[in-house]
Amino acid sequence: MGDKTQVATVLLAAEYSATIMVIAGTTLGMMLANMPVVFFGENLAERLPLQWIRRGAAMLFAVLGVLALVNQ
């Protein structure tokens, strides 16, 4: 039970003998990918009402879901 990143980490750790380096690399990669989004979200949350952010996120997910269904 996990997302694709966790599965990839397990597969890479099983493939290579440097398990600690694989775990450190995938963790660092996820932190580098997520940190800008967290800071952007925090900045946005200070400027906009939370209800607007939730509605915007819901609309974005709905659009992405429709696009995923249409492009199958």
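Take residue 7 and decide whether it is within 16 Å of the chain's Cα centre (by Cα) and either touching a residue at least 24 places away in the same chain (Cβ under 8 Å) or part of a helix (DSSP H, G or I) (or both).
For residue 7, the condition - within 16 Å of the chain's Cα centre (by Cα) and either touching a residue at least 24 places away in the same chain (Cβ under 8 Å) or part of a helix (DSSP H, G or I) (or both) - is met.
Considering only the range 37-71, how many residues are of a type in the set (Val, Ile, Thr) and surrounded by 10 or more Cβ atoms within 10 Å (Cβ to Cβ)?
Final tally of qualifying residues: 4.
The numbers here are math on the coordinates, done by the rules we state, and not lab data. Note that the structure is predicted; figures quoted are calculated from it, not measured. We place every Cβ from the backbone using ideal geometry, glycine too, and count neighbours over all the protein chains shown.
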